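Peer 1: Would you mind keeping the following structure in view while I ask a few things?
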């Protein structure tokens, strides 16, 4: 399978998942500002919305959206125990957290805060939503090491999203249990590897754009 990704974007969660599973996968870099794949292909031909992640499966079909891709990848590598079997309460809990991360954090908070074109009104709207949502997580992590009873694809997604806090004007230190959780996740080998590799690619991309300006 191949993952279309943009460095440090939400596609990072799938890279982490693939590393956790020790999976054999390809990685295809996309410039989401220019909507171009590394080989020059118009990315809209791959993703109608021009957004990552996109997963090309071994059967050749394209899958989008983290809430679909992450469980799919986990199911392909059951030995990694990154999600529980279908129909179980444990899987429903992971899916519940995936929905929370996607809608309450990723889209409602971080997308606006990271958008340089967002108005002050929009930014304030998102900022007002931070305390309740991170408070929910802080209460959870005060009593739990992971989102469920072990590391799952939901943790891969949450670690990716929480990493954006430092670029969004948010200090996780205001929520000590969340901060401690993120620091633990960042030290996890698969997460640390993915973070380091994509940050290097991100810096290279930024340098190329600066040179071309």
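Peer 1: How do 52, 37 rank when sorted from fewest to most other Cβ atoms within 10 Å of their own Cβ?
Peer 2: Numbers: 52 26, 37 18.
Lowest count first: 37, 52.
Peer 1: Restricting to the chain, compute how many DSSP beta bridges are antiparallel as a %, nearest 5.
Peer 2: Restricted to the chain, the bridges split so that about 70 percent are antiparallel.
Peer 1: A follow-up question, please. Rounded, prolate or oblate for the range 118-164? Axes are the square roots of the Cα gyration tensor eigenvalues, ordered a ≥ b ≥ c, and the cut-off for rounded is a/c under 1.5.
Peer 2: oblate
Peer 1: Still on this model: What number, in percent, do you get for the relative contact order of the range 89-190 if the mean sequence gap of Cα pairs under 8 Å and at least 6 apart is divided by its residue count?
Peer 2: 33
Peer 1: When a/c is below 1.5 the answer is rounded, else prolate if a/b is larger than b/c, else oblate, so apply that to the range 106-213 with a ≥ b ≥ c taken from the square roots of the Cα gyration tensor eigenvalues.
Peer 2: oblate
Peer 1: How do 99-110, 187-198 rank on mean C-beta neighbours within 10 Å, highest first?
Peer 2: Values: 99-110: 18.3, 187-198: 16.7.
Ranked from most to least packed, the peptides come out as 99-110, 187-198.
Peer 1: On to the next question. Rounded, prolate or oblate, given the Cα gyration tensor of the chain, with a/c below 1.5 counting as rounded?
Peer 2: Oblate, because a/c is 1.5 or more while a/b does not exceed b/c.
Peer 1: Given a cut-off of under 8 Å on Cα pairs at least six residues apart, what relative contact order in percent is computed for the range 2-80?
Peer 2: For the range 2-80, the relative contact order is 34 percent.
Peer 1: Quick check on the range 1-110: of the DSSP beta bridges with both residues there, what percent are antiparallel, nearest 5%?
Peer 2: Rounded to the nearest five, the antiparallel share is 70 percent.
Laboratory data are not the source of any read-out in this text; all were calculated from the coordinates shown. All figures in this text were calculated on a predicted structure; none of them were measured in a lab. Every residue, glycine as well, gets a Cβ built from its backbone with ideal geometry; the counts of neighbours run over all protein chains shown.
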